[in-house]
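Have a look at the structure below before the remarks.
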Amino acid sequence: MDLRRSRLGQGYYALLQAWIMPWLQRTRLSPNELTAVGVFFAALVPVGFFYYLPAGLIFLALSAVTDTLDGFLARAKGSEGSSFGAFWDSTLDRVSDCFYLLGFWILFWKALEDPFWPSLLLFLALLGTGLISYTKARIEGLGGECAAGLMDRLVRTIYFFLWGLTVACWPSRAEGALWAGLAAYLLLVGLTVLQRVRQAARTL
């Protein structure tokens, strides 16, 4: 699923290009520093979820937008395609994923007396999330091609935001929304990993 090429995605990128990039180019931030800023916002997501759920959602949105802008800044500064930049961005994306899922673990911990089962399932969610990235990198490292997949980075981030927003909008049904969101996430992540394993079998 490649939202970047959809009409909605193109509109989002045009908005960033018109309203945020002119200001960002005047700063002294490098693309790699901007990537680190995105992880800083991601690290605040669990803190926000603990104290005030809407604050966590704001931090998640800021992290996601910053993750988008580092690519824009790299192109603007002529550093697009940097091998270290690609490595740095991909590595810190995995850190951000961990912080996002930690935020949802905190929501479960606050909602349930015994968070054993959500802890176990969120561990599996973290494993599946890592496998999505690893399988893509491994296929491409072996000379194959890997499509974006069902739950690529952008789709996962949007999913996390909508999941948290659902919990925030219906606090009386927060526990049910947490469980439903986790079940759907596990299913979608599992399907994505399976999709990439099948693609590896076809292309390698």
Quick one: which of 16, 57, 73 is under 18 Å from residue 154 (Cβ atoms), touching a residue at least 24 places away in the same chain (Cβ under 8 Å) and within 15 Å of the chain's Cα centre (by Cα)?
57
Answer yes or no: is there a residue in region 169-191 that is part of a helix (DSSP H, G or I), under 13 Å from the mean Cα position of the chain (by Cα) and either more than 22 Å from residue 65 (Cβ to Cβ) or modelled with pLDDT of 95 or more (or both).
yes
Could you identify the single residue in 112, 165, 178, 142 that is farther than 17 Å from residue 60 by Cβ, surrounded by 13 or more Cβ atoms within 10 Å (Cβ to Cβ), in contact with a helix residue (DSSP H, G or I) (Cβ under 9 Å, 6 or more places away or on another chain) and not polar (S, T, N, Q)?
112
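How about region 41-87: which of its residues are among the aromatic types (Phe, Trp, Tyr) and either modelled with pLDDT of 95 or more or under 29 Å from residue 107 (Cα atoms) (or both)? Write out each step before concluding.
Taking region 41-87 as the starting set, the residues that turn out to be among the aromatic types (Phe, Trp, Tyr) are 41, 49-52, 59, 72, 84, 87.
Of everything in region 41-87, those that are among the aromatic types (Phe, Trp, Tyr) and either modelled with pLDDT of 95 or more or under 29 Å from residue 107 (Cα atoms) (or both) turn out to be 41, 49, 50, 51, 52, 59.
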Screening 149, 164 for residues that are among the small types (Gly, Ala, Ser) and either farther than 10 Å from residue 193 by Cβ or under 13 Å from the mean Cα position of the chain (by Cα) (or both) leaves only 164
Selected residue (criterion: surrounded by the fewest Cβ atoms within 10 Å (Cβ to Cβ)) from residues of region 55-73 that are polar (S, T, N, Q) and within 16 Å of residue 99 (Cα to Cα)
66
Looking only at region 120-132, decide whether some residue is over 17 Å from the mean Cα position of the chain (by Cα), surrounded by 15 or more Cβ atoms within 10 Å (Cβ to Cβ) and at pLDDT below 95.
no
For a quick check of your reading of the model, give me the residue pairs whose first member lies in region 131-144 and is farther than 11 Å from residue 94 by Cβ and touching a residue at least 60 places away in the same chain (Cβ under 8 Å), whose second is among the charged types (D, E, K, R) and surrounded by 19 or more Cβ atoms within 10 Å (Cβ to Cβ), with beta-carbon atoms closer than 7 Å and at least 6 apart or on different chains.
135/196; 136/196; 139/196
Boolean, residue 198 is exposed (fewer than 14 other Cβ atoms within 10 Å of the Cβ) and among the basic types (Lys, Arg)
yes
Condition (residue is acidic (Asp, Glu), under 20 Å from residue 177 (Cα atoms) and outside any helix (DSSP H, G or I)) applied to region 106-127: is it met by at least one residue?
yes
Determine whether region 36-54 contains at least one residue that is under 15 Å from the mean Cα position of the chain (by Cα), closer than 25 Å to residue 176 by Cβ and buried (at least 19 other Cβ atoms within 10 Å of the Cβ).
yes
Looking at region 8-31 only, could you name the residues that are surrounded by fewer than 18 Cβ atoms within 10 Å (Cβ to Cβ), assigned to a helix (DSSP H, G or I) and not hydrophobic (A, V, I, L, M, F, W, C)?
9, 10, 11, 12, 13, 17, 22, 25
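The values are calculated or read from the model by the stated rules, or taken from the named source; none is laboratory data. All of these numbers come straight from a predicted model, not from anything done at the bench. As a convention, Cβ positions derive from the backbone with ideal geometry for all residues, glycine included, and neighbour counts pool all protein chains shown.
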